[in-house]
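The values are calculated or read from the model by the stated rules, or taken from the named source; none is laboratory data. What you are looking at is a predicted structure, and each value in this text was computed from that prediction instead of being measured. FYI the Cβ positions are ideal-geometry reconstructions off the backbone, even for glycines, and counts take in every protein chain you see. Protein only, heavy atoms only, side chains kept; ligands, DNA and RNA dropped before computing areas. Shrake-Rupley method; radii C 1.70, N 1.55, O 1.52, S 1.80 Å.
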Amino acid sequence: MFTLCVVLIILACFVLAFVVLIQNSKGGGLASNFASSNQIMGVRKTTDVLEKTTWGVAAFIMVLCFVCAFLSKNEINNLHPQQNQVEQTQQTAGGEE
């Protein structure tokens with residue numbers, strides 16, 4: 001399951017890079033506020049879709065990173081149960097002293 005999440009993150013990163021690269025640059029400074037009135041509506045709608053896709057893919061990557069962190073914690077606890085018990089024993093022994 002962890003490997004599947006990592007593969008999905010890598011694929012989503014490639015999709016995000018592609019979507020960012022096909023977007024038109026927005027320009028800079030005050031000129032960007034006045035240039036938007038000259039755009040054709042079709043172009044404006046395309047940039048809205050690309051921007052929403054960018055945010056959606058970025059959020060998807062963030063959620064997958066949290067899922068991977070949770071899964072890796074569970075896998076480490078499953079692979080090393082004795083180490084987890086030793087740490088708990090040391091904590092309880094240290095608290096009684």
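In table form, for the structure just shown:
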{"read-out": "Residues A69 and I22, FRET efficiency given R0 of 25 Å [Cβ-Cβ distance, rounded to 0.05]", "value": "0.25"}
{"read-out": "Nonlocal amide H pairs with Q23, under 5 Å, H built at 1.01 Å", "value": "none"}
{"read-out": "Accessible area in the full protein assembly, largest first, 1.4 Å probe, for T47, T3, T53", "value": "T3, T53, T47"}
